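Asks: Got a structure for you, written out below as structure tokens; questions coming shortly.
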Amino acid sequence: MYNMLETALKEQIEQLLLADKTKEAKELLFKSINSSSDVDAELYLLLGSAYAIESNNQLALQYFSRAYDLEPNNYNFIQAICNFLITNGDKKAAQDLIDRFNAANDVVEEQGEVTTEFDYMDFILGGGDALKYKADGTSPSDMNKKFSKPQPATNDGGFSYAELILNDNINDVLQKYNLQPLKENVATSTIPKDNEQPIPPVAIPSTIPLSKMLFTMYGWNETGGGTKLPKAVVKELAKRGFEVAVFYATASHPTNTTPYYMEKTIDDGVKLYGVYNRPTIFLDADNPMREVCDDRIVALFNDVLDEFQPQIINFNNFLGLSFEIATVAKKRGIPSTFTTHNYHLIDPKLYIYNNELVTWKSTDFFANSDLPKRYPMLADAYKQRVEKAKSILINDIDYVLAVSNRVKELLAEFSGNREVVVQKIAVVNQLHKTIEYLEHNPVKPHTVGDKLRFAFIGDGIPHKGAHIIAQALQFLPNKNITIDLWGGFDNEYGNAIKSIDKANIITLRGKYSTKDLHRISDSSDCLLFASICEDCAPLVLAEGLAMNLPIIASLIGGVEDFVVDGYNGCLYKAGSPKALAAVMNAIIENPFKLSKMREHCQIPYSFADYITHLENVCGRLVNGERPDADEFNLSFRDELKKMM
């Protein structure tokens, strides 16, 4: 049928689609797309077919359109797309597509290469009876590249399916054969008569295809999760054929010292607009008015919008870019989403805890932050910052894609207009691309030995709570365990932890990469998560479950979205070494609990599923849809419950 794809792969995907195993088919397709620098158009056609089977017409149209754009004169593509259009009632677009194909190929006589494969679209347009075909297995012969008009072929009752599909008025055909007419609100479309103006060429989809997306973030090569995750997302979208650009703030340029220097580069198909040499490298906590509106940044942002012309903007950070850019997008009529990776809207220092590592008691900036006390002369400026942050939540951003239920709760509280804001906040639990790596390279199963092995993986910074683990050891009666801390710890913090660990149980393993995850899994029985701040939605939780490691986690932030107490892990009071020690001791005394929880270390959806979900959200917004935010939810916990 096609020459581009390997026959074995094509047949495997087609068999999966026939068996309604669309998830497996899509995983194969995405893997093939991601591994190719020159993506075969047929991959997009098959991907469109998978989404069509799932009745996800938005994404089906997008991928069919992409296949058509790459090969507009591919006869087999035209057949598949027309099948889809007619099935979904858009016979007008199907007829137009057929006419354009015939005109482009200058088809006058019925001639050309003959195909022996049956096609539902060609059979019906040729005057055949699809239902009769299914009954007796009869197949049309001598089909070729010319789409012919229907002949009056009928079934035993005299009814012509081709006449029904291509007639101007469906009810006229139904009445002709004494059949029940359709209700008046059923939409029909017409094909121009010979004496009418021809239909002008139109795009295949009846909706606007999603093609150009702009993201904002802090940095491009920085190491934090708020950079790594959106970077993985935009690279994946670029591999899927979208035009993707990123507008980001970063530190100093290595060679150019011009203030607010914007460098344009391309990385793996992603257009990058990096702003260097701003007055501050990272946080701008002592300049609230610049966070409200940085005129130099706003001017650059407008330049990017003029040049790139995005259909939608996905704000992943306002740090270094100022809140005003959300207002700019709103004034231009560009739909937008905001994915939260920290609490920058609420706290200029990002993490809503004070200098003593004590979490804020509420989202009231003046009641909790130490900044107004440190800079009393900036009180009015901080008030304006708070009001601007609330304003973009309420007025400028179309939807917030909160990374956890806790983030949704805190943003709604902060807004001061909960009733309005909650209708704009969807909960979309993120997964990182490392999950895909672990899915394709599963960890080895292993049993618990005599000595339990605990592991911590993450940044070696105090608010991640590694010192709580060291303190918990002092309350453990049974110290027949090992604890490995994986991550970058500076000397001061690392030495402090070791000084607490009198029994020398903790080993600092240093920095790790994705390729080290198997080694970590093989040398561990349980993961420790000890954060003492409102962690939005720690990526390490899903990574740990994908590594087949039950998780003992502090009950704070977005943890409960991923860890179900007693099912795939255990929860304890955040910041309490005694509470952590009690949970650890219960596991040490009854290790069979760990084995049971390991059976439930499941990932209910993939990184590819997460990206597809974002595609769907953006596609619907580009097409003018503004549904209830709950329609955009993607809940790890809810999907996990379906597996329980």
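The values are calculated or read from the model by the stated rules, or taken from the named source; none is laboratory data. This is a predicted model, so every value here is computed, not measured. All Cβ positions, glycine included, derive from the backbone under ideal geometry; neighbour counts span all protein chains shown. The accessibility values were calculated without ligands, DNA or RNA, using every heavy atom of the protein model including side chains. Shrake-Rupley method; radii C 1.70, N 1.55, O 1.52, S 1.80 Å.
Asks: Testing Asp69 on (1) over 20 Å from Gly619 (Cβ atoms); (2) surrounded by fewer than 22 Cβ atoms within 10 Å (Cβ to Cβ); (3) not aliphatic (A, V, I, L, M), one condition comes back false. Which one is that?
Replies: (1)
Asks: I would also like to ask the following. Where residues in the range 259-292 are aromatic (Phe, Trp, Tyr) and in contact (Cβ under 8 Å) with a residue 24 or more places away in the chain, which of them is most open to solvent (accessible area, probe 1.4 Å)? Explain how you work it out, then say what you get.
Replies: Looking only at the range 259-292, we keep the residues that are aromatic (Phe, Trp, Tyr), and these are 260-261, 273, 276, 282.
Okay, now just the ones that are also in contact (Cβ under 8 Å) with a residue 24 or more places away in the chain, so 260, 273, 276, 282.
Working: Tyr260: 29, Tyr273: 7, Tyr276: 32, Phe282: 87 Å².
Restricting to residues being aromatic (Phe, Trp, Tyr) and in contact (Cβ under 8 Å) with a residue 24 or more places away in the chain, the top hit is Phe282.
Asks: Another question, if that's okay. Here are some residues: Val448, Val428, Val422. Which one is over 15 Å from Asn504 (Cα atoms) and surrounded by 21 or more Cβ atoms within 10 Å (Cβ to Cβ)?
Replies: Numbers: Val448 fails: surrounded by 21 or more Cβ atoms within 10 Å (Cβ to Cβ); Val422 fails: surrounded by 21 or more Cβ atoms within 10 Å (Cβ to Cβ).
On inspection, the qualifying residue turns out to be Val428.
Asks: Something else about it: Do we find that Glu409 is part of a helix (DSSP H, G or I) and either open to solvent by 60 Å² or more (accessible area, probe 1.4 Å) or without any contact (Cβ under 8 Å) to a residue 24 or more places away in the chain (or both) in this structure?
Replies: Against the criterion (part of a helix (DSSP H, G or I) and either open to solvent by 60 Å² or more (accessible area, probe 1.4 Å) or without any contact (Cβ under 8 Å) to a residue 24 or more places away in the chain (or both)), Glu409 qualifies.
Asks: Of all the residues that make up the range 555-566, how many are part of a loop (DSSP other than H, G, I, E, B) and out of contact with any Leu (no Cβ under 8 Å at 6 or more places or on another chain)?
Replies: 4
Asks: Determine which single condition Val233 fails, assuming it passes every other condition in (1) open to solvent by 40 Å² or more (accessible area, probe 1.4 Å); (2) out of contact with any strand residue (DSSP E or B) (no Cβ under 7 Å at 6 or more places or on another chain); (3) of a type outside the set (Asp, Glu).
Replies: Of (1) open to solvent by 40 Å² or more (accessible area, probe 1.4 Å); (2) out of contact with any strand residue (DSSP E or B) (no Cβ under 7 Å at 6 or more places or on another chain); (3) of a type outside the set (Asp, Glu), only one is false for Val233: (1).
Asks: I need the full set of residues from the range 318-343 which are closer than 19 Å to Cys536 by Cβ and open to solvent by 10 Å² or more (accessible area, probe 1.4 Å), in order please.
Replies: Across the range 318-343, the qualifying residues are Gly320, Phe338, Thr339, His341, Asn342.
Asks: Go through the range 502-522 and report how many residues are touching a residue at least 40 places away in the same chain (Cβ under 8 Å) and in a loop (DSSP other than H, G, I, E, B).
Replies: Residues meeting the conditions: 1.
Asks: Yes or no: the range 421-429 includes at least one residue that is among the polar types (S, T, N, Q) and closer than 21 Å to Ser513 by Cα.
Replies: Scanning the range 421-429 turns up no residue that is among the polar types (S, T, N, Q) and closer than 21 Å to Ser513 by Cα.
Asks: Can you name every residue in the range 586-613 that is surrounded by 16 or more Cβ atoms within 10 Å (Cβ to Cβ), of a type outside the set (Lys, Arg) and part of a helix (DSSP H, G or I)?
Replies: Ile587, Ile588, Leu594, Met597, Phe607, Ala608, Asp609, Tyr610, Ile611, Thr612, His613
Asks: Sticking with this structure for a sec: Please go through (1) more than 26 Å from Asn355 (Cα to Cα); (2) over 35 Å from the mean Cα position of the chain (by Cα); (3) surrounded by fewer than 18 Cβ atoms within 10 Å (Cβ to Cβ); (4) not basic (Lys, Arg) for Ala496 and return the number of the only condition it doesn't satisfy.
Replies: All conditions pass for Ala496, except number (1).
Asks: Give the range 614-644 a look and list any residue that's open to solvent by 10 Å² or more (accessible area, probe 1.4 Å), over 18 Å from Val400 (Cβ atoms) and either in contact with a strand residue (DSSP E or B) (Cβ under 8 Å, 6 or more places away or on another chain) or in a helix (DSSP H, G or I) (or both), or say none. Spell out how you get there, then give the answer.
Replies: Just the residues of the range 614-644 that are open to solvent by 10 Å² or more (accessible area, probe 1.4 Å), to begin with: 614, 616, 620, 622-628, 630-631, 633-635, 637-639, 641-644.
Then keep just the ones that are over 18 Å from Val400 (Cβ atoms); that gives 623-624, 637-639, 641-644.
Residues satisfying the conditions are Arg637, Asp638, Glu639, Lys641.
Asks: Okay, moving on. Select from the range 72-120 the residues that are assigned to a helix (DSSP H, G or I), modelled with pLDDT under 75 and surrounded by 15 or more Cβ atoms within 10 Å (Cβ to Cβ) and list them in ascending order.
Replies: Tyr120
Asks: Residue pairs, Cβ under 9 Å, 6 or more apart or interchain, first in the range 585-607 and charged (D, E, K, R), second assigned to a helix (DSSP H, G or I) and open to solvent by 20 Å² or more (accessible area, probe 1.4 Å). List them.
Replies: Pairs found: Lys593/Ala586.
Asks: Would you point out which residue out of Leu580, Leu545 is over 24 Å from the mean Cα position of the chain (by Cα), in a helix (DSSP H, G or I) and surrounded by 24 or more Cβ atoms within 10 Å (Cβ to Cβ)? It would help to see each step written out before you state the result.
Replies: On the way: Leu545 fails: over 24 Å from the mean Cα position of the chain (by Cα).
Every option except Leu580 fails the conditions.
Asks: Now a separate question. Residues of the range 18-44 being open to solvent by 60 Å² or more (accessible area, probe 1.4 Å), in a helix (DSSP H, G or I) and either touching a Pro at 6+ places or on another chain (Cβ under 8 Å) or of a type in the set (Lys, Arg) (or both), which ones?
Replies: Lys23, Lys31, listed by residue number.
Asks: Can you tell me which condition Leu47 does not meet? The list is (1) within 21 Å of Lys235 (Cα to Cα); (2) surrounded by 19 or more Cβ atoms within 10 Å (Cβ to Cβ); (3) out of contact with any Lys or Arg (no Cβ under 8 Å at 6 or more places or on another chain); (4) of a type in the set (A, V, I, L, M, F, W, C), and all the others hold.
Replies: Exception for Leu47: condition (3).
Asks: Also, I was wondering about something else. Just a yes or no: is a residue in the range 383-397 in contact with a Pro (Cβ under 7 Å, 6 or more places away or on another chain) and either over 23 Å from Ile325 (Cα atoms) or open to solvent by less than 10 Å² (accessible area, probe 1.4 Å) (or both)?
Replies: Looking for residues that are in contact with a Pro (Cβ under 7 Å, 6 or more places away or on another chain) and either over 23 Å from Ile325 (Cα atoms) or open to solvent by less than 10 Å² (accessible area, probe 1.4 Å) (or both), one finds at least one in the range 383-397, hence yes.
Asks: If you go through the range 224-243, how many residues are touching a helix residue (DSSP H, G or I) at 6+ places or on another chain (Cβ under 9 Å) and aliphatic (A, V, I, L, M)?
Replies: Total satisfying the criteria: 4.
Asks: May I pose another question? Looking only at the range 557-577, which residues are surrounded by fewer than 23 Cβ atoms within 10 Å (Cβ to Cβ) and touching an Asp or Glu at 6+ places or on another chain (Cβ under 6 Å)?
Replies: Leu571, the sole residue that qualifies.
Asks: A follow-up question, please. When the range 239-254 is examined, which residues are found to be open to solvent by 30 Å² or more (accessible area, probe 1.4 Å), more than 13 Å from Gly219 (Cβ to Cβ) and assigned to a loop (DSSP other than H, G, I, E, B)?
Replies: Result: Gly241, Pro254.
Asks: Picking from Asn221, Asn195, which residue would you name as being more than 18 Å from the chain's Cα centre (by Cα), exposed (fewer than 13 other Cβ atoms within 10 Å of the Cβ) and modelled with pLDDT of 80 or more?
Replies: Only one candidate qualifies: Asn221.
Asks: Criterion first (in a strand (DSSP E or B), over 28 Å from the mean Cα position of the chain (by Cα), of a type outside the set (Ser, Thr, Tyr) and surrounded by 14 or more Cβ atoms within 10 Å (Cβ to Cβ)) does Ala455 satisfy it? Give the derivation first.
Replies: On the way: in a strand (DSSP E or B): yes; over 28 Å from the mean Cα position of the chain (by Cα): yes; of a type outside the set (Ser, Thr, Tyr): yes; surrounded by 14 or more Cβ atoms within 10 Å (Cβ to Cβ): yes.
Spelling it out, Ala455 is indeed in a strand (DSSP E or B), over 28 Å from the mean Cα position of the chain (by Cα), of a type outside the set (Ser, Thr, Tyr) and surrounded by 14 or more Cβ atoms within 10 Å (Cβ to Cβ).
Results for (1) open to solvent by 10 Å² or more (accessible area, probe 1.4 Å); (2) of a type in the set (Asp, Glu), shown as yes or no for each residue.
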{"site": "Ser513", "(1), (2)": "yes, no"}
{"site": "Asp522", "(1), (2)": "yes, yes"}
{"site": "Leu539", "(1), (2)": "yes, no"}
{"site": "Leu549", "(1), (2)": "no, no"}
{"site": "Ile552", "(1), (2)": "no, no"}
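Asks: Among the residues of the range 425-439, is any in contact (Cβ under 8 Å) with a residue 60 or more places away in the chain, of a type in the set (Asp, Glu) and within 26 Å of Asp561 (Cα to Cα)?
Replies: Yes, some residue in the range 425-439 is in contact (Cβ under 8 Å) with a residue 60 or more places away in the chain, of a type in the set (Asp, Glu) and within 26 Å of Asp561 (Cα to Cα).
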